[in-house]
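Notes follow once the structure below has been shown.
The values are calculated or read from the model by the stated rules, or taken from the named source; none is laboratory data. Since we're looking at a predicted model, the values are computed, not measured. Don't worry about glycine lacking a Cβ; one is built from the backbone with ideal geometry, like all the others, and counts go over all protein chains shown. Protein only, heavy atoms only, side chains kept; ligands, DNA and RNA dropped before computing areas. Shrake-Rupley method; radii C 1.70, N 1.55, O 1.52, S 1.80 Å.
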Amino acid sequence: MRHLYLLLLFSYAACFSQKAKITAYRLLVEDDDGPCSVKIYVEEYRKLGFKGFSWYVMAESDDEKLAERLLSLKKEAKEWSGVPHGCGNNYGVIGAGDMIHNMIVVEKEEFRDTLFTTADNNRIVFPEMTKAYIDEKGVFKESLTGIIKEFFEFDFTKDIEGMRMIDFPSENPDIVLFKSKNLKGFTKDKFEKQFGKLTLVDKVNNYGRKEFVYSLNGDIYTFEDDVRLISVEVNNPDSGWGIDGLSIGSKQELFLEKYPESMSFNVISSKKFEDYKKEQLHWLRFNESEGSIGYWIKDGVLNRFVIHY
């Protein structure tokens, strides 16, 4: 009976114990005249609900030992050699050129603290003091484990350079068809007359532009001012959509053959690093600025795609 009591007591305590949570952010590309800290980018993106291509990537972990080690390192850092750092809590000192590229939020039980580091994680920054402490022995990097270690060691250079590619090859809009038709220029009335009634699912005010969002057979259609078709999110492999003869379920090797430049890098979007590894986003741009396609490869096949007109 005593052993049963102890077992129940342990189980009860385990149910109510709070695990650690680590959320790490990396600022990959900053604006020339923008804020100096990843913290501001993260807060601004959240505030605006921005869903486009991101300046930062994030990763999460529940490693309790790592959480404790990171909190200890923040205290230990003040014993290292310190230097002035021009990035404070806001936009930083003009002309200082100092940046805070990395932020790690640690939550353990009811305690929460944040570590700020430079791009190569060799300095821990205290923005409120406008001071950084140099990790000469690389203790911070050596302390990282699991997904957080992989996250900070991952090289995004190829993807960033690809996204900046000026002479990115363009494609003819006719490569993307719905039931053998190019829907560029279609209105809502014209679409419904030819393909059936759409179901309204949402209304969005996007930077002063009214967008009406509809669904049909699992795909999402967005019309500007409830008139002009501006985008389609294709999720249903049997709805009739295709890209140059390829459709959802087509192998990535076929995309490599047709669009080697597009497949040479992943488009970095504002989501978790874990998701970035599982599902890769790629671009196809139409010629004469007539729109684009974003398509996701998951487990070696086309998983979904979005057309922008």
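Annotations for the structure displayed:
- Qualifying residue in region 237-245 (condition: open to solvent by 60 Å² or more (accessible area, probe 1.4 Å) and within 12 Å of residue 303 (Cβ to Cβ)): yes
- So residue 231, is it without any contact (Cβ under 8 Å) to a residue 40 or more places away in the chain and polar (S, T, N, Q): no
- Residue in region 66-74 that is out of contact with any Gly (no Cβ under 8 Å at 6 or more places or on another chain) and without any contact (Cβ under 8 Å) to a residue 24 or more places away in the chain present: yes
- Answer from 92, 86 - the residue that is at pLDDT 85 or above, over 23 Å from the mean Cα position of the chain (by Cα) and part of a loop (DSSP other than H, G, I, E, B): 86
- Close pairs (6 angstrom Cβ cut-off, 6 or more residues apart or separate chains): touching a residue at least 12 places away in the same chain (Cβ under 8 Å) in region 235-249, open to solvent by less than 10 Å² (accessible area, probe 1.4 Å) and of a type in the set (Val, Ile, Thr) anywhere: 241/234; 243/176
- Subset tally (residues that are in a loop (DSSP other than H, G, I, E, B), within 21 Å of residue 304 (Cβ to Cβ) and not small (Gly, Ala, Ser)) for region 203-249: 7
- Of the residues making up region 179-198, at least one is more than 19 Å from residue 235 (Cβ to Cβ) and touching a residue at least 60 places away in the same chain (Cβ under 8 Å).
- Residue in region 199-211 that is open to solvent by less than 30 Å² (accessible area, probe 1.4 Å), in contact with a Leu (Cβ under 8 Å, 6 or more places away or on another chain) and not acidic (Asp, Glu) present: no
- Taking each residue of region 142-163 that is under 17 Å from residue 262 (Cβ atoms) and in contact (Cβ under 8 Å) with a residue 40 or more places away in the chain and looking for partners that are assigned to a loop (DSSP other than H, G, I, E, B) and of a type in the set (Gly, Ala, Ser) with beta-carbon atoms closer than 8 Å, six or more apart or interchain, yields 158/264; 162/264.
- Whichever residue in region 38-80 is at pLDDT 90 or above and of a type in the set (S, T, N, Q) and, among such residues, is most open to solvent (accessible area, probe 1.4 Å): 72
- When residues in region 274-294 are screened for being of a type in the set (Ser, Thr, Tyr) and under 15 Å from the mean Cα position of the chain (by Cα), 1 of them pass.
- Taken together, the residues in region 142-189 that are under 30 Å from residue 64 (Cβ atoms) and among the hydroxyl-bearing types (Ser, Thr, Tyr) amount to 2.
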